[in-house]
1. Regarding residue 134, is this residue closer than 24 Å to residue 62 by Cα and at pLDDT below 85?
2. Enumerate the pairs (first residue in the range 128-143 and touching a residue at least 12 places away in the same chain (Cβ under 8 Å); second residue anywhere and of a type in the set (Ser, Thr, Tyr) and loosely packed, with under 11 Cβ neighbours inside 10 Å) with beta-carbon separation below 9 Å, excluding pairs fewer than 6 apart on the same chain, so at least 6 apart or on different chains.
3. Exactly one of (1) in a loop (DSSP other than H, G, I, E, B); (2) at pLDDT 85 or above is unmet by residue 70. Its number?
Amino acid sequence: MKTNMKGQAAMEYLMTYGWALLAIVIVIAALIYLNPFRAPELCLFQQQGFSCSEPNPQVYLGGTGDDDLTMNIRLWNKLGRTVVIKKLMCTDAQVSAVDKADAALASGLGDENIYTGSSQDYIGIPCLDAEGDQIESFAPNQEFRGKLLVWYNYKDDIDPDVEHEAQANVISIVVEQ
């Protein structure tokens, strides 16, 4: 009879550790599937007034050329005044190194009004480097970290040639178009 008790103890030991190992495997599989350690996709302005995170920005490979990056965003006006968007630019360079003239060439926008509390979609914003050239060094499923630069005026500005600037930090996964 004593040998049966040893067998029962061994079986209880194996069952306890077996369930624990099964739980560990399930948790590891869930972490691999959900990937909580990657950076979230976001578009966050450094000052209040604009929003571009509803929905998240989309960065595409193969916009204007084979390997060129372009960005699609929905820009929300939360400034409390109607704004006129003059230029938009997507970049991975330092903002101090960006030439505003490149943005003027890149955006191709007319003067578009965004009324208070409303939004406007912008499709195919070229992503440029510090020299003003299209960014081509990304692959699909790679993470893009950069800036969205917006130059705008208020609808009632006295001098429409003086443009205000807003900057947003953008993190997005590059998708092939």
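The values are calculated or read from the model by the stated rules, or taken from the named source; none is laboratory data. Source: prediction; values computed, not measured. Every residue, glycine as well, gets a Cβ built from its backbone with ideal geometry; the counts of neighbours run over all protein chains shown.
1. Values: closer than 24 Å to residue 62 by Cα: yes; at pLDDT below 85: yes.
When the stated conditions are applied, residue 134 passes them.
2. Correct list of pairs: 129/137.
3. Exception for residue 70: condition (1).
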